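One structure is given below, encoded as structure tokens.
The values are calculated or read from the model by the stated rules, or taken from the named source; none is laboratory data. These figures come from a predicted structure and were not determined experimentally. Neighbour counts run over all protein chains shown; Cβ positions are idealised from the backbone, glycine included. Side chains included, ligands, DNA and RNA excluded: accessible areas come from the protein's heavy atoms. Shrake-Rupley method; radii C 1.70, N 1.55, O 1.52, S 1.80 Å.
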Amino acid sequence: MPLSRDLIESCGFDYILSLLEVQSPLGRKYIKNLSFMVQQDEIAAEIHKTKAFIRFVSQDHSMQEEFSKIIGHIKDISQTCHKLELKETLDDIQLFEIKIFSMLCSRLEEYIPEYMDFLNLKNLKDVFALLDPANLCMPSFYIYDEYSEELTQVRKRKQQIATAFPVDEQELINTAALENSLENAVRKELSQKLSDYASAMIHNLSMLAYADFSTAKAIFILNFKLCCPEVSEQGIYFEQLFNIELDSILSKNQKKFQPVDIALDRPVTVITGANMSGKTVVLKSLALNQLMFQTGFFLCAKTARITPVESVFLITKDSQSMDEGLSSYAFEILKVNECIKHSQNGEKCLILIDELARTTNPQEGKAIVRSVISILSEHNVYAVITTHYDGVLSKDAKHYRVCGIRKDKIGSSKIKRENITDYIDYSLISEDGWACVPKEALTIARLLDVDNELITRAEMFLTEGQKGGCADGK
Amino acid sequence: MNSIKSISIVGLEKNTGKTQALNFFIDYLRRKNICLGVTSIGIDGESTDQVTLTQKPRIRVYKDMIFSTCEKFYREKNFVSEILNVGEDMSALGRTVTARAKEDGMIILSGPSIMSWMKKNIDSMLQLGCEKVLVDGAISRLSSSSPDVTDAMILSTGAALTLDMNELVRQTKYKVDLASLKPVDKLTSMALATLGQGVWTIERESMYAKKLTDSPSLGFCASDIKRSTGIVYINGVVSSKVLKNLCSLDFLRDLQIVVTDFTKVFADHLTYEIFVKKAGELKVLNPANLVAITVNPTSPSGYSFNSETLKNRLRHVISVPVIDVLKDGDIDAPFPGLD
């Protein structure tokens, strides 16, 4: 199953893919058509192969460097191969490309270690032999004299006529025409013979595309110290989930990403927390790692135990599209509807919704959130919903609260807009059922040095309107 | 064997005999038993010239010569040749095919049209065994003669440029003057090479570099250049506006004005002369190596200068060899700098 471009971009998978250093156009094509695996055993087998590539990159480094260097010279000749399959006659340029390809394939065989026998390149020595009749072993090609005795004679005669004085123009044209038809006959015969190998060449092309991608992937896994996921029947568990893209942005400012632990062991999980507390990042990281898991990557965490799902939905503030001329609410609710349709069909989905129904009025918004939670909790899905709404938490869902502002640290030093993130603890705390959502919007506003009058008046309205509600945090 | 590995042939105008010049130098180098490669600046999908509706000329290649052209023209050729390489970069006429001729023949050359691809193509031809590569450059586009791309250049001029001989000599001399701009000293060159696009001033004492603008064409404030400034480095296009701006400085004679190479100078002739008159001197990071001027005394309309007069007028003001390849195509005469 191919992945949607929208999903790849909204969760940051495109950033991960852009870090892969593939060597050939084949590898680049492979990344574009990356397939999403759904079967457990398929993913387990891919993990096994990935381990082999990691061994190749780390233990047989010099061998792998040669291997990658050769792959870098390989061109995408799939068009030519398809022509052969259709029994078309190739021209010299295409024959040259096939010759070079067969030569590089034979050379690559030497650099594939035993533990990577799953690459299983088809031997193309016969293809090379067909295109090297003079046995010169050179990386060049033309219609050699050796292909036909008659051609040799005609070419000789053509030379004689061309160098004689005066040149017999008519005879020269006749001989050149004869040479041309003899060459065409050779091309036709060669193409006929080569067509038997078309499927073997297509097989090798796809194997090399896979090898190029997997080598780049293995290097990437080692560089970023990703963890090997455990494939499980149910549940999605991460210990110290981190985000490479955000970490690289933070490290430019000498900051570090704070990893989080999360366990999705029930159909619905609700995350509450103050603004700026990293809820969206958690959702995006969950989507990203699920995609990475099901495309054969290792994961951005210390440990991970994951079950494959059939589809992933990520609905965030910035995933909305104006293209369809819908309001942000309409767009969101239609997306949610799609998720619900899929889960009602019994599909195992990962559904990640950021601040559901936040753009409409709070009364109806709350009702919508509760309704979505209660429907999803009856199905075979893993849904994570973040919200600021009170009173939507129920026994149907698991509840995480982002730790939030570290009150112990406030006051110890001057807080500015630049360093406010230092005062936030991003870890997720599992709450039992009914706790209230934290209210830290005004605290954050104060930390950000917002006009005092705004804050005091807001506080006044808050106490006026608050009869029996939850006052602070818990 | 000297160090010149690649030579571009550029024309100041159409019909200045660039193709004859190319054929002449192919012959010349071939006689010296040099393994020769030829290629050409691409023609962006047109096989006929849109101005004069004449066909792009076929070039004669000889047995064992290496040539590179686009897939389209490679398929159209009528002689046996052995493919050595097929490039990766795709142009409107296909990829660039490099091949060795197995017999004499005629071919339309059209290599890469992007300079970085051309550079790559030349390097690959040298790797395939060429000792020298001739590049048929574009008409009135000097970019292929940039020292970044080729080691040396040959300039074709002629009656096609103008029928006023004084003007012809003046315009040719101007291009020759630019191509002969002196390089800065090694140390300065190394320091300047690290600076990016834009106009920079470098302080005389501290060698402190300061960027005046991101691009010379955006203009800059001449008053930002102080008396303590030693070098003004222009990394980008040098237009008349830029030179005029510099002319307003009364300490121009104390400054070193440095440009990357002469192909970046697009200022008109008169402005440049005024700049020189005011004791301004342009220097370059990468000096060009002009080895010869070829002249075609006949204009496409049929008018013809006296070949000897024209050559003598040019020789009077230009120090590199000036030849009329049709008249005195003596391929046995030596060419300083070429062999």
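Using a probe of 1.4 angstrom, how much of the accessible area of the protein assembly as shown is carbon and sulfur, in percent?
On the way: 19530 of 38260 Å².
Here carbon and sulfur together make up 51 percent of the probe-accessible area.
Compared with the direct C-alpha span, the chain from B:H269 to B:D123 gains 49.1 nm at full extension, assuming 0.36 nm per residue.
Need one number: buried accessible surface between chains B and A, 1.4 Å probe, both sides summed, DNA, RNA and ligands left out, in Å² to 100. Spell out each step's value before the answer.
On the way: alone 15600 and 24020 Å², together 38260 Å².
Between B and A, the summed buried area is about 1400 Å².
Please find, in a Gaussian network model of chain B (springs between Cα atoms separated by less than 10 Å), the residue of B:K18, B:K283, B:K63 whose mean-square fluctuation is greatest. Greatest mean-square fluctuation among the candidates belongs to B:K63. Computed from backbone phi with θ = phi - 60° and the Karplus coefficients 6.51, -1.76 and 1.60, the 3J(HN,Hα) list for the range A:333-350 is 5, 5, 5, 4, 4, 4, 4, 5, 4, 4, 6, 5, 7, x, 7, 7, 10, 10 Hz; x is used for glycine and proline. Here the contact order of chain A, divided by its residue count and restricted to Cα pairs under 8 Å and six or more residues apart, works out to 17 percent.
Please give the FRET efficiency for A:N180 paired with B:S116, using the beta carbon to beta carbon distance and R0 = 30 Å, rounded to the nearest 0.05. It would help to have the intermediate numbers written out before the result.
Numbers: r = 37 Å, r/R0 = 1.24.
Computed FRET efficiency for A:N180 and B:S116 comes out at 0.20.
The modelled label-to-label distance for the pair A:K302/A:E85, using points 7 Å beyond Cα in the direction of Cβ, is 4.9 nm. With K and R counted +1 and D and E -1, the other residues having a Cβ less than 10 Å from that of A:S140 yield a net charge of 0.
Accessible surface for B:S3 stands near 100 Å², nearest 10, in the context of the full protein assembly shown (1.4 Å probe).
Sorting the segments A:47-60, A:241-254 by their mean number of nearby beta carbons within 10 angstrom, highest to lowest, gives A:47-60, A:241-254.
If R0 equals 35 Å, the separation of the Cβ atoms of A:K193 and A:E110 corresponds to a calculated FRET efficiency of about 0.85.
Give me the net charge of B:I154's neighbourhood, meaning all other residues with Cβ under 11 Å from the Cβ of B:I154; Lys, Arg count +1, Asp, Glu -1. Kindly include the intermediate steps, with their values, before the conclusion.
Numbers: positive: B:K18; negative: B:D136.
That sum, taken over residues with Cβ under 11 Å, equals 0.
Simple spin-label estimate for B:D64 and A:K125 gives 3.5 nm between the two label positions (7 Å along the Cα-to-Cβ direction from each Cα).
What does the helix-only formula give at 222 nm for chain A: each DSSP H stretch with n ≥ 4 adding -39500 (n - 2.57), the total divided by the residues, and the result rounded to the nearest 500 deg cm²/dmol?
Values: 17 runs with 230 residues, N = 474.
One gets -15500 deg cm²/dmol as the mean residue ellipticity at 222 nm.
Using helices alone, what [θ] at 222 nm do you get for chain B, with -39,500 (n - 2.57) per DSSP H run of 4 or more residues, divided over all residues and rounded to the nearest 500?
Details: 8 runs with 84 residues, N = 339.
The helix contribution divided over chain B gives -7500 deg cm²/dmol.
Rounded, prolate or oblate: which fits the protein assembly as shown, taking a ≥ b ≥ c as square roots of the Cα gyration tensor eigenvalues, rounded meaning a/c under 1.5, else prolate when a/b beats b/c?
Oblate, because a/c is 1.5 or more while a/b does not exceed b/c.
Label-to-label distance for B:D328 and A:S18 is 6.0 nm, based on points extended 7 Å past Cα in the beta-carbon direction. Taking 14 Å as the straight-line reach from the Cα of B:K175, the aspartates and glutamates in range (excluding those fewer than 8 positions away in the same chain) are B:E13, B:E167, B:D261, B:D268, B:E273.
With a 1.4 Å probe and all protein chains left in place, how much accessible area per residue does chain A have, in Å²?
Values: 23330 Å² over 474 residues.
Counting only protein heavy atoms, the per-residue value for chain A is 49 Å².
Rounded to the nearest 20, the size of the Cβ-charge dipole of chain A about its Cα centre is 1600 debye, with Lys and Arg at +1 and Asp and Glu at -1. The residues packed around A:E97, meaning those with a beta-carbon under 13 Å from its beta-carbon, carry a net charge of -1 if Lys and Arg are +1 and Asp and Glu are -1. Grab the beta carbon distance between B:C221 and B:S189, set R0 = 22 Å, and tell me the FRET efficiency rounded to 0.05. Calculated transfer efficiency: 0.25. Reducing the range A:168-187 and the range B:214-286 to their Cα centroids gives an inter-centroid distance of 61 Å. Using the structure shown, select from A:K49/A:K341; B:K77/B:K120; B:K72/B:K120; A:K49/A:K317 the pairs with a Cα to Cα distance greater than 26 angstrom. Violating the 26 Å Cα-Cα cut-off are A:K49/A:K341; A:K49/A:K317.
Pairs from the table (B:K278/B:K311; A:K75/B:K5; A:K395/A:K439; A:K87/A:K217) lying more than 25 angstrom apart at Cα are B:K278/B:K311; A:K75/B:K5; A:K87/A:K217.
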